[in-house]
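Every number here is computed from the coordinates shown, using simple stated rules; none is lab data. All of these numbers come straight from a predicted model, not from anything done at the bench. Neighbour counts run over all protein chains shown; Cβ positions are idealised from the backbone, glycine included.
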Amino acid sequence: THVQDQGWQNWQSNGGVSGTSGESLRLEGIEIKMDTRGYDLGIEYATHVQNQGWQELKSNGVMSGTEGQSLRLEAIKIQLTGADATQFDVYYRVHAQNVGWMDWASNGGEAGTAGFGYRLEAIEIQVLPKGSPAPGLTGQPFLENK
C-alpha cells in the first residue's frame with residue numbers, strides 16, 4: 001500500500017496487515033498480486049478514491065488509487081480471475097477512520113465506507129479454498145451514508 005507521508009510499504013503476504021492502525025494516516029494507493037502456487041489464478045481490484053469515486057478495475061500488481069495527490073482511499077472491492085477462481089474465495093477487510101476494523105467482504109463485495117469522507121488506513125486480504133469458513137464476521141464490511 002501507498003501510505004500518507006510514508007510512501008510505498010513492503011509487500012505483505014498470507015493475510016498480513018498492510019497500512020497503519022492508530023496513526024491517522026490514509027491509504028492512497030494499493031497494488032495486489034498473488035502467488036498462484038501453480039493455479040490459473042489472477043486478482044482484480046478497484047478502489048473508491050476521494051473526489052473521484054470508483055476507479056476502473058486493475059489487476060495483478062497494477063496500482064489502483066493515486067500517488068502524490070493526497071487523496072484518500074475510502075473503499076475497495078477485490079475478486080479472483082482465471083480458470084481456477086471458482087475453487088477459491090478472496091476475503092478482505094479494512095480499517096477505516098472513525099470505524100476501526102470492519103467485517104470481512106468477499107469475492108467483489110465492497111469494503112470500507114462511502115459518503116462519510118473517511119479514509120482507509122489498513123487492509124488484510126486472505127485467499128481461502130472455496131467454502132472455507134470466513135476469517136471473521138461478515139455482516140457489515142461496508143457503510144454508506146445516503
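Things worth noting here:
- Criterion (among the small types (G, A, S), surrounded by fewer than 20 Cβ atoms within 10 Å (Cβ to Cβ), out of contact with any Pro (no Cβ under 9 Å at 6 or more places or on another chain) and more than 24 Å from S59 (Cβ to Cβ)) met by exactly one of G100, G82: G100
- A75 under 16 Å from F142 (Cβ atoms), within 10 Å of the chain's Cα centre (by Cα) and free of Cβ contacts under 8 Å to residues at least 60 places away in the same chain: no
- Subset of the stretch 29-54 (residues that are assigned to a loop (DSSP other than H, G, I, E, B) and surrounded by fewer than 17 Cβ atoms within 10 Å (Cβ to Cβ)): K33, D35, T36, R37, G38, Y39, D40, N51, Q52
- Among the criteria (1) within 11 Å of the chain's Cα centre (by Cα); (2) surrounded by fewer than 22 Cβ atoms within 10 Å (Cβ to Cβ); (3) not in a loop (DSSP other than H, G, I, E, B), the one Y92 does not fulfil is (2).
- Failed item in (1) surrounded by 15 or more Cβ atoms within 10 Å (Cβ to Cβ); (2) of a type outside the set (A, V, I, L, M); (3) free of Cβ contacts under 8 Å to residues at least 60 places away in the same chain, with T20 passing the rest: (3)
- Residue match in the stretch 105-119 (condition: over 16 Å from the mean Cα position of the chain (by Cα), exposed (fewer than 15 other Cβ atoms within 10 Å of the Cβ) and more than 23 Å from R37 (Cβ to Cβ)): yes
- In summary, P133 fulfils each of the numbered conditions (1) in contact (Cβ under 8 Å) with a residue 12 or more places away in the chain; (2) of a type outside the set (G, A, S); (3) surrounded by fewer than 17 Cβ atoms within 10 Å (Cβ to Cβ) with the single exception of condition (1).
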